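Novice: Below is the structure I would like to discuss, written out as structure tokens.
The values are calculated or read from the model by the stated rules, or taken from the named source; none is laboratory data. Quick caveat: nothing in here was measured; it's all calculated off a predicted structure. Every residue, glycine among them, receives a Cβ derived from its backbone with ideal geometry; neighbour counts consider all protein chains shown.
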Amino acid sequence: MFDPGGNRIELMPREAALHVALIGEIDYAIRDKLDDAYAALTQHPPADIIVDLADTSFLGSVGLGFLVQIHRWVTDSGHQLSVDAPPRHVRRALMLTGLDQVLTVTGGQQPSEPSGPSTS
């Protein structure tokens, strides 16, 4: 576990896949911990990875880059990355960057559609 003041990354090796939980604000302040987590992940034999975002309160560009970095490592070794349970605001960040089209995103909340003038 990597914990800089409540914002943390938990690595949990399991039989079928490696589980990674991103908890709290995943932004520039946690960059070094993301680098440490990536180094720790790559010490494991390649496997499928599930990234749990259920307790992610903010996912900034550094966190999005971390997901891309893991995705590249996993897919280059013939495995899959799944992003699980992103809250609405995190799923929206994935949508705005197009990562929802590249990564497998499961569970979580759908982002709200922007409300605009009614055409009816």
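Novice: Which residues, taken from region 1-57, are among the aromatic types (Phe, Trp, Tyr) and surrounded by 19 or more Cβ atoms within 10 Å (Cβ to Cβ)?
Specialist: Those that are among the aromatic types (Phe, Trp, Tyr) and surrounded by 19 or more Cβ atoms within 10 Å (Cβ to Cβ): none in region 1-57.
Novice: Would you check which residues across region 19-58 are closer than 18 Å to Thr97 by Cβ, among the hydrophobic types (A, V, I, L, M, F, W, C) and touching a Pro at 6+ places or on another chain (Cβ under 8 Å) and list them?
Specialist: The answer is Leu53, and nothing else.
Novice: Can you pull out the residues in region 1-58 that are more than 16 Å from Pro86 (Cα to Cα), β-branched (Val, Ile, Thr) and not in a loop (DSSP other than H, G, I, E, B)?
Specialist: Once the filter is applied, which keeps residues that are more than 16 Å from Pro86 (Cα to Cα), β-branched (Val, Ile, Thr) and not in a loop (DSSP other than H, G, I, E, B), region 1-58 yields only Ile30.
Novice: Does any residue in region 60-74 that is modelled with pLDDT of 95 or more come within less than 7 Å, Cβ to Cβ, of a residue that is assigned to a helix (DSSP H, G or I) and of a type in the set (D, E, K, R) six or more places away or on a different chain, and which pairs are these?
Specialist: Hits for this filter: Val62/Arg31.
Novice: Based on what the data block shows, is Asp76 among the acidic types (Asp, Glu) and surrounded by 15 or more Cβ atoms within 10 Å (Cβ to Cβ)?
Specialist: For Asp76, the condition - among the acidic types (Asp, Glu) and surrounded by 15 or more Cβ atoms within 10 Å (Cβ to Cβ) - is not met.
Novice: Answer yes or no as to whether Leu96 is at pLDDT 95 or above, surrounded by 15 or more Cβ atoms within 10 Å (Cβ to Cβ) and part of a helix (DSSP H, G or I).
Specialist: No: the conditions fail for Leu96.
Here is a yes/no grid of residues against (1) among the hydroxyl-bearing types (Ser, Thr, Tyr); (2) part of a loop (DSSP other than H, G, I, E, B); (3) modelled with pLDDT of 95 or more:
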site: Pro86; (1), (2), (3): no, yes, yes
site: Gln110; (1), (2), (3): no, yes, no
site: Pro114; (1), (2), (3): no, yes, no
site: Ser118; (1), (2), (3): yes, yes, no
